[in-house]
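Here's the structure we're looking at; comments come further down.
The values are calculated or read from the model by the stated rules, or taken from the named source; none is laboratory data. The shown structure was predicted, so the numbers you read here are calculated from the model rather than taken from an experiment. What goes into the accessible areas is simple: the full protein's heavy atoms, side chains included, and nothing from ligands, DNA or RNA. Shrake-Rupley method; radii C 1.70, N 1.55, O 1.52, S 1.80 Å.
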Amino acid sequence: MKFLSLAALVWCVLVPPSEATKSFEDIRCKCICPPYRNISGQIYKKNVSQKDCNCLHVVEPMPVPGNDVEAYCLLCECKYEERSTTTIKFIIIIYLSVIGALLLYMAFLMLVDPLIRKPDAYTQPLHNEEESEDAHSLAAVRPSASTRANTVLERVEGAQQRWKRQVQEQRKTVFDRHKMLS
């Protein structure tokens, strides 16, 4: 995937499109014509040079008869547009590469996580204060986090366990004792 991104980058840098080789999508003239008498408004697009970007060269077929052409063209707003489809393609390749890498990482974590995860001692909800005190005394008996947490994964799991204990205590306080923590 990195090779594909690198190849796209090299191709975009080394092969810049010249004016003669630009595709239809790279340059165009766009004329927006509002409704005129019994004719509905329309948008016209044509691949013309910048000097020919006007109503007379872009609007084909002309929807009004010969004597109304000038009045109709004065209402139309024509703009010359230029864009780099090569750059757009390159950005899309980068975006898809990042999304692909994230999906691969997610799949990796989904496969590895069950192998690494240890059984959670705090999954059962605490119903009364006696069980809560027992759980806190068990946590105090376990080796301290500083001596045990020598890997990043263990530190993250320790933080997760502390957070789960705090959530359980808050639930107990709010639902059992009916008071808010400050």
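Summary of values
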| item | result |
| --- | --- |
| In order through the stretch 71-82: 3J(HN,Hα) via Karplus (6.51 cos²θ - 1.76 cosθ + 1.60), integer Hz, x for Gly, Pro | 5, 5, 5, 5, 7, 6, 10, 10, 10, 8, 10, 9 |
| Estimated Rh, the stretch 55-99: Kirkwood, alpha-carbon pairs, angstrom | 13.8 |
| J(HN,Hα) series, the stretch 159-169, from Karplus relation 6.51 cos²θ - 1.76 cosθ + 1.60, nearest Hz, glycine and proline x | 5, 5, 5, 4, 5, 5, 5, 5, 5, 4, 5 |
| Solvent-accessible surface (1.4 angstrom probe) belonging to S84, in square angstrom, nearest 10 | 50 |
| Span from the the stretch 49-77 Cα centroid across to the the stretch 155-173 one, whole angstrom | 71 |
| Accessible heavy-atom area order of Y105, Y44, highest first, probe of 1.4 Å | Y105, Y44 |
| Exposure of R117 as accessible area (Å², to 10), given a probe of 1.4 Å and all protein chains | 120 |
